[in-house]
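First the structure, in the form of structure tokens, and then the observations on it.
The values are calculated or read from the model by the stated rules, or taken from the named source; none is laboratory data. Small disclaimer: the values here were computed from a predicted structure and weren't measured. Reconstructed Cβ throughout: ideal geometry from the backbone, glycine too, with neighbour counts over all protein chains shown. Calculation scope for accessible area: heavy atoms of the full protein, side chains included, ligands and nucleic acids excluded. Shrake-Rupley method; radii C 1.70, N 1.55, O 1.52, S 1.80 Å.
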Amino acid sequence: MTGTLPPSPSVRPVIVLTGASSGIGEATARELAARQYALVLAARRAERLHALARELDPSGSRVLAVPTDLTSDEGRRHLLERTQAHFGRVDVLINNAGVTVERGWWWDDPDPLRVLRVNLEAPIEMTRLVLPQMQARGSGHIVNIGSVAGRSATNGLYSASKFGIRGFSLALRREVLGSGLHVSLIAPGFVKSEMTAGARLPMPGPEVVAHAVAEVLLRPRREVIVPRAYRALALLDAVAPGLGDLIVSRFVIRRRYGHGGPAR
């Protein structure tokens with residue numbers, strides 16, 4: 001099956017990209033804008049979002065910024081209404097917005113369930129809202145940004161959300177097989193972003209994920225792990241979980257979250 005057609009000036013696929021104001025989202029916006037897609041950028045930080053949209057498309061005709069609280073049903077519907085009014089359709093939905101518990105243990109955080117609301121509930125609800133239009137048209141692509149933490153568990157709430165989005169993506173792909181719709185999961189390891197700013201780990205820039213997203217639009221795939229080295233970690237955790245315990249506790253949790261294990 002072929003994916004989203006390469007853009008042409010007369011017929012540009014319309015992409016809704018969440019979490020677009022920084023990190024992977026910003027890099028993806030730049031990658032897709034350079035490839036001449038029509039973009040709707042969504043994030044909470046309005047000033048940064050509008051500045052990025054103006055930079056990518058000073059005319060305002062091809063890139064639209066819509067400040068959005070994705071945890072709100074009203075916010076999600078407003079985003080899609082603005083998209084429909086400006087472009088008339090949604091060809092691709094990229095569910096990228098994500099948060100985590102940055103420091104300390106998740107059970108000490110005053111609102112850890114926000115991680116599930118942003119990382120899992122919002123993508124499911126956004127997908128639910130765009131699917132009827134895509135099904136009626138017989139085309140469309142849902143791209144969910146998961147994480148290697150959805151294969152190799154590291155942080156209770158974050159991994160719960162990413163295991164969830166992986167299961168949702170793989171199941172949805174099967175549910176829509178043969179309908180003309182595609183569902184893809186991009187699972188990054190650690191890449192440079194605001195979310196990983198405190199991590200003492202070697203990391204590539206978010207452009208590696210942006211490129212993977214752009215490529216999967218042209219050649220749909222079920223699941224892509226980037227950078228490639230993290231495929232070994234995902235496999236290791238499946239076949240040798242004890243060794244995975246050792247690697248994750250010593251090199252991921254300690255260096256990423258700043259603690260090495262519960263106090264005894």
Extreme residue, most open to solvent (accessible area, probe 1.4 Å), among residues of segment 42-73 that are assigned to a helix (DSSP H, G or I) and touching a residue at least 24 places away in the same chain (Cβ under 8 Å): ARG48
From ILE94, ILE142, residue being assigned to a strand (DSSP E or B), among the aliphatic types (A, V, I, L, M), under 27 Å from VAL11 (Cα atoms) and touching a Ser or Thr at 6+ places or on another chain (Cβ under 6 Å): ILE142
Segment 74-91, residues that are surrounded by 20 or more Cβ atoms within 10 Å (Cβ to Cβ), in a helix (DSSP H, G or I) and touching a strand residue (DSSP E or B) at 6+ places or on another chain (Cβ under 8 Å): LEU79, LEU80, THR83, PHE87
Some residue of segment 131-140 being touching a residue at least 60 places away in the same chain (Cβ under 8 Å) and either open to solvent by less than 80 Å² (accessible area, probe 1.4 Å) or among the aliphatic types (A, V, I, L, M) (or both): no
Candidates ALA160, ALA171 - the one that is within 22 Å of GLU102 (Cβ to Cβ) and at pLDDT 95 or above: ALA160
Residue match in segment 198-207 (condition: modelled with pLDDT of 90 or more, surrounded by 16 or more Cβ atoms within 10 Å (Cβ to Cβ) and within 18 Å of THR154 (Cα to Cα)): no
